[in-house]
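What follows is one structure encoded as structure tokens, with my remarks underneath.
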Amino acid sequence: MCYNNNVKTQGQAPLWEALLNYRRQRLNSWHTPGHKDGAYTWPSWQQVLGEETLGLDLTEVPGLDSLAYPCGAIKAAQEKAAAFYGAARTFFLVNGASSGLMAVILATCRPGDEVILPRYAHRSVFNGLILSGARPVYMETEWLSSPAIPLGVPPAVLARTLKAHPRARLLLLVHPTYEGIVPHSRELITLAHDYGLAVLVDAAHGAHFGLDPLLPPSPLDLGGDYVVQSTHKTMGALTQAAMLHLRHAGEGDTIAAALNLLQTTSPSYLLLASLDVARLLAEERGRRDWGRAVAGALRLREKLVAAGIPCLGPADVMSPAAAGLDVTRLLLPAEPFGACGPEVAGFLRRAGQEIELAVPDYILLIINPGDGEAKIESLLEALLALRRGSGLLPAASGERGGAWPGPWPVYPRQVLTPREAWLAPRREIPLKEAEGRICAELIAPCPPGLALAVPGEALEGEVVARLLSLRGPDGKVLVVDG
Ligand SMILES: Cc1ncc(COP(=O)(O)O)c(C=O)c1O
């Protein structure tokens with residue numbers, strides 16, 4: 001089913017142009033959305049967003065194609081994205097990379113199928129396991145010792161895992177981690193392909209990869225079969241807007257069907273068009289812009305290090321588990337500032353700078369082409385002022401919060417699949433009484449977002465002790481009842 005499309009679809013940004021053309025007709029709206037081009041909404045909302053933006057907040061209307069069954073402007077926009085990223089087929093996502101990760105697992109796995117993954121996979125991957133009934137097989141992860149963050153999985157570990165699980169269906173790689181670390185993805189993908197596994201790459205934080213030689217390579221160029229990118233995280237699309245790329249067109253219809261199970265039937269055209277223009281921007285100016293962003297990040301790194309503010313660099317992570325680092329991610333240990341991460345973040349906020357993440361041991365910042373020289377300079381000044389101990393920092397509270405204790409090589413016993421645990425009767429009990437029970441919730445405190453307990457796993461020994469230290473002696477946990 002497809003709406004009639006008598007709109008031009010072959011422009012530079014076909015969906016954005018179709019949306020503008022539609023809007024120019026100034027048709028009276030007798031359809032959803034109910035704000036009626038902004039006429040029925042709260043006055044300050046109307047005033048700030050403006051009639052033009054609200055008038056473009058459309059969903060599927062005749063002439064604007066359908067996300068579920070695209071054959072006009074959306075199809076043309078997705079095809080342009082596929083051509084740009086080197087994919088056989090690209091899907092626009094309006095529920096983030098999360099929906100793409102879940103859809104691929106749902107489309108490719110049946111109950112009991114094995115999926116090989118690291119335990120630091122994003123929670124949407126575990127949600128995909130619940131939806132599909134697949135069984136997780138974990139690869140041992142290598143860690144950086146300070147700060148304690150996962151580095152990745154060495155190819156030798158994957159080779160061992162594949163030998164033990166030669167009939168697994170899917171390998172899930174994280175390229176890069178939240179902190180910007182990439183594994184040896186080419187080797188990992190080749191190994192998986194040798195065993196006949198398809199590879200799903202979570203590149204939520206890597207939509208810009210490959211746009212500059214100093215950035216890590218794009219996982220599509222490394223042979224990933226399904227690559228999911230949060231275009232909204234680094235490439236200027238609106239929050240929630242993401243893409244899923246397929247290396248082979250063959251499975252496209254199955255993936256489309258899975259996406260139609262998971263995504264809304266009223267996709268926002270502002271989100272969809274933002275993907276179209278993010279691709280156009282990357283195509284027209286991506287190399288130049290990202291070259292500038294990388295150069296700016298490198299200059300900032302140099303100045304920080306010269307001022308005694310260390311910054312996690314590629315040489316710190318290179319190892320059998322990690323192939324490199326996205327230099328536009330800045331991980332700064334908090335210790336040189338004589339404070340913990342949230343205190344550093346608080347100081348920076350008072351100095352007009354809002355960062356991406358603050359945890360007890362470090363802070364994380366993201367640089368992209370939207371950050372001009374003056375803005376980077378103002379960040380540098382704030383960091384230097386704090387390093388000099390300019391007195392702007394209120395007395396450090398000494399409160400370090402629930403710091404992650406370090407590498408966590410614990411792989412609890414799996415009793416049920418995540419789906420079986422999800423479907424079982426469940427109830428919340430005090431953690432103190434959890435020993436020997438089966439976990440019914442995903443517990444993956446951030447950072448490092450590592451799964452401490454997954455639905456279906458036995459709550460035993462060290463895991464219960466760790467949960468108690470995280471949630472406190474009165475903490476509760478959801479378990480399978482009975
Ligand atoms: C590694 C990783 N994968 C996937 C996601 C999900 O991305 P989205 O927010 O676009 O759904 C995130 C979100 O932060 C993430 O950090």
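Rule-based calculations on the coordinates, nothing more; no lab input. In this text the structure is predicted, and so the values were computed from the model without any measurement. Quick reminder, even Gly has a Cβ in these numbers, built from the backbone with ideal geometry, and neighbours come from all protein chains shown.
Points worth noting:
- Multiplying each eigenvalue of the alpha-carbon gyration tensor of region 291-387 by 5 and taking the square root yields semi-axes of 20, 17, 12 Å, largest first, rounded to whole angstroms.
- Candidate cross-link partners of K163 among the aspartates and glutamates, defined by an alpha-carbon separation under 20 Å and a same-chain spacing of 8 or more, comprise D113, E114, E140, E142, E187, D194.
- For the pair D474 and K163 in one chain, pulling the backbone fully straight at 0.36 nm per residue adds 107.7 nm over the alpha carbon distance.
- By the Kirkwood approach, averaging reciprocal distances over each pair of separate Cα atoms, the chain gets a hydrodynamic radius of 24.1 Å.
- Centre-to-centre, using Cα atoms only, region 98-125 and region 19-61 are separated by 37 Å.
- Working note: Debye formula, equal point scatterers on the alpha-carbon atoms of region 227-325, no solvent; log10 I(q)/I(0) at q = 0.25 Å⁻¹ is -1.27.
- Loop-located trypsin sites (Lys or Arg not before Pro) in region 11-79 whose Cβ has at most 16 other Cβ within 10 Å (DSSP): R26, K36
- Take the chain and mark each of the chymotrypsin sites (Phe, Trp or Tyr not before Pro) that is in a DSSP loop with at most 12 other Cβ atoms within 10 Å; the longest unmarked stretch, sites excluded, is 41-482.
- The alpha carbon radius of gyration of region 59-201, expressed as a multiple of 2.2 N^0.38 Å, is 1.18.
- For the set K36/K75; K75/K375; K75/K233; K233/K432, the pairs lying more than 32 angstrom apart at their alpha carbons are K75/K375; K233/K432.
- When M243, M318, M235 are sorted by how many other C-beta atoms sit within 10 angstrom of their C-beta, beginning with the fewest, the order is M318, M235, M243.
- Region 403-482: radius of gyration and largest Cα-Cα distance (Dmax), Å: 11.7, 34
- Simple spin-label estimate for R285 and Y40 in nanometres, 7 Å along Cα-Cβ: 3.9
- Ranked by how many other beta carbons lie within 10 Å on average, peptides 214-223, 429-438 from highest: 214-223, 429-438
- Projected-area mean, region 238-280, by convex hull of Cα positions, square nanometres: 3.6
- Theoretical FRET efficiency, 1/(1+(r/R0)^6), r = Cβ-Cβ of R186 and S378, R0 51 Å, to 0.05: 0.85
- Calculated on C-alpha atoms, the gyration radius of region 72-111 divided by its Kirkwood radius gives an Rg/Rh of 1.05.
- For A83, neighbours were defined as the other residues whose beta-carbon sits under 12 Å from its Cβ, and their charges (Lys and Arg +1, Asp and Glu -1) total +1.
- The chain: calculated mean residue ellipticity at 222 nm from DSSP helix runs of at least 4, using -39500 (n - 2.57): -11500 deg cm²/dmol
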